[in-house]
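Novice: Got a structure here, written out as structure tokens. Questions coming.
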Amino acid sequence: MKKYSRENIQTVLKMAWPSVLESFFVALVGMVDSLMVSRVGAHAVAAVGLTTQPKFIGLAVFIAVNVSVSALVARRKGQKNQKGANEVLCAACFFVLIMSVIVSLACVIFADPIIRMCGSEEASHTEAVQYFRIIMGFIIFTVISLTVNAAQRGAGNTKIAMKTNVAANVVNVIFNYLLIEGHFGFPALGVSGAAIATVIGSMVGCIMSIVAACKK
């Protein structure tokens, strides 16, 4: 520990705790949906749970890209090359946009066999397919937000990523309440309502990420 000054340790901790919270809130989305659809029935919980594995398989390529984005932006940051860092983010966003369209189309078209391959039963299969199609059909908002936040982390701006994920989760919870069982005049959509709520939360997080990235 003698090699590290108190100031360096404080800097690391200051950057690390928002990233830890961000990871927690990313994982929390699926759990919140499962908890809030439990009032519909066990079949609804099973439907949401069935989509977890194929969803993260679909996100695997984007997660891999984001590791590269963080590393390259951090290098450009160290070189004090802001233009180079911006170019890395722009190139990554362009790639992610193209890949998200491909992944979304594949998941929407082949949702039925994908969910069946995950071991679905008749009681939960239809709802799982609907949930998966909605989530993956609008995955573009999630992956753009993840990519921008990866660049922000590389630049040391870890709090921005945390704030966007907190906001997305809060919006998700609110719309889960409104759309799953139908409150305040909203339609009761069950599992599909949970998927729509997640998409709306992702849209809010995506907008916040882009706005933060556009600041000088």
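Novice: Looking at I144, I210, which one is crowded, with 19+ Cβ neighbours inside 10 Å, of a type outside the set (S, T, N, Q) and at negative phi?
Specialist: I144
Novice: Hey, any hits in the range 94-117 for a residue that's among the polar types (S, T, N, Q) and either over 25 Å from N176 (Cβ atoms) or at pLDDT below 90 (or both)?
Specialist: No, because not a single residue in the range 94-117 is among the polar types (S, T, N, Q) and either over 25 Å from N176 (Cβ atoms) or at pLDDT below 90 (or both).
Novice: Can I ask one more? May I ask you to list pairs of residues, at least six apart or on different chains, whose Cβ atoms are under 6 Å apart, with the first in the range 141-169 being in contact (Cβ under 8 Å) with a residue 60 or more places away in the chain and the second being among the acidic types (D, E)?
Specialist: Filtered contacts from the range 141-169: A161/E22; M162/E22; N165/E22.
Novice: Among the residues of the range 178-201, which ones are in a helix (DSSP H, G or I) and more than 21 Å from A42 (Cβ to Cβ)?
Specialist: To start, the set of residues in the range 178-201 that are in a helix (DSSP H, G or I) comprises 178-179, 191-201.
Once the filter is applied, which keeps residues that are in a helix (DSSP H, G or I) and more than 21 Å from A42 (Cβ to Cβ), the range 178-201 yields L178, I196, V199, I200, G201.
Novice: Check off (1) within 23 Å of G193 (Cβ to Cβ); (2) assigned to a helix (DSSP H, G or I); (3) polar (S, T, N, Q) for S68 and give me the number that stays unchecked.
Specialist: In the conditions (1) within 23 Å of G193 (Cβ to Cβ); (2) assigned to a helix (DSSP H, G or I); (3) polar (S, T, N, Q), S68 misses (1) alone.
Novice: Failed condition for A151, given (1) closer than 21 Å to H43 by Cβ; (2) open to solvent by less than 30 Å² (accessible area, probe 1.4 Å), with all others met?
Specialist: (1)
Novice: While we're on this one: For the range 125-140, enumerate the residues that are buried (at least 21 other Cβ atoms within 10 Å of the Cβ) and more than 19 Å from I57 (Cβ to Cβ).
Specialist: E127
The values are calculated or read from the model by the stated rules, or taken from the named source; none is laboratory data. Please read all numbers here as calculations on a predicted model, not as lab measurements. When we count neighbours, we look across all protein chains shown, and the Cβ atoms used for this are built from the backbone with ideal geometry, even at glycine. Side chains are part of the model used for accessible areas, which takes the heavy atoms of the whole protein and leaves out ligands, DNA and RNA. Shrake-Rupley method; radii C 1.70, N 1.55, O 1.52, S 1.80 Å.
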